[in-house]
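In what follows, a single structure is set out as structure tokens and then discussed.
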Amino acid sequence: MYGCNSESCTPWEVSGYKLTRCIVSSITDVKIFDYIRAYNRYKNGYGPEDGGWMSWPDKFNRVIDIIESEMAKIEKLHQKAREKKR
């Protein structure tokens, strides 16, 4: 449906579940991305109330999603480097 017809070279982990296919192929409801965004904002202490993340422009929310993803990758690399030093 979304062009994800083969196994991913990198497994995805979502809430403890390991997926070997592109995560998009596992999602049947497009609204799930909204739920994932809401969960990430909640996890970081932001609510949907006035002035909260639902009041932010969608473009800003997308930028935050990208930055959080990239920062997680950087942190993972730093963690691996720290483990190698041990």
Open item on the list: Tell me the Rg and the Dmax, in Å, that the Cα atoms of segment 27-86 produce.
Closed with: 14.9, 47
Open item on the list: Tell me the net charge near Lys80. Cut-off is 13 Å between Cβ atoms, Lys80 excluded, with +1 for each Lys or Arg and -1 for each Asp or Glu.
Closed with: +4
Task: Spin-label pair Tyr39/Arg82, simplified geometry with 7 Å Cα→Cβ offset, distance in nm - done: 2.4 nm
Task: Simple spin-label estimate for Lys18 and Asp58 in nanometres, 7 Å along Cα-Cβ - done: 3.6 nm
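Rank these for me by crowding, Trp12, Trp53, going from fewest to most other beta carbons within 10 Å.
Working: Trp12 14, Trp53 18.
Exposure proxy ranking, most exposed first: Trp12, Trp53.
All of the numbers you see were taken from the coordinates with simple rules; none came from a lab. Predicted model only: the values in this text are computed from it and were never measured. All Cβ positions, glycine included, derive from the backbone under ideal geometry; neighbour counts span all protein chains shown.
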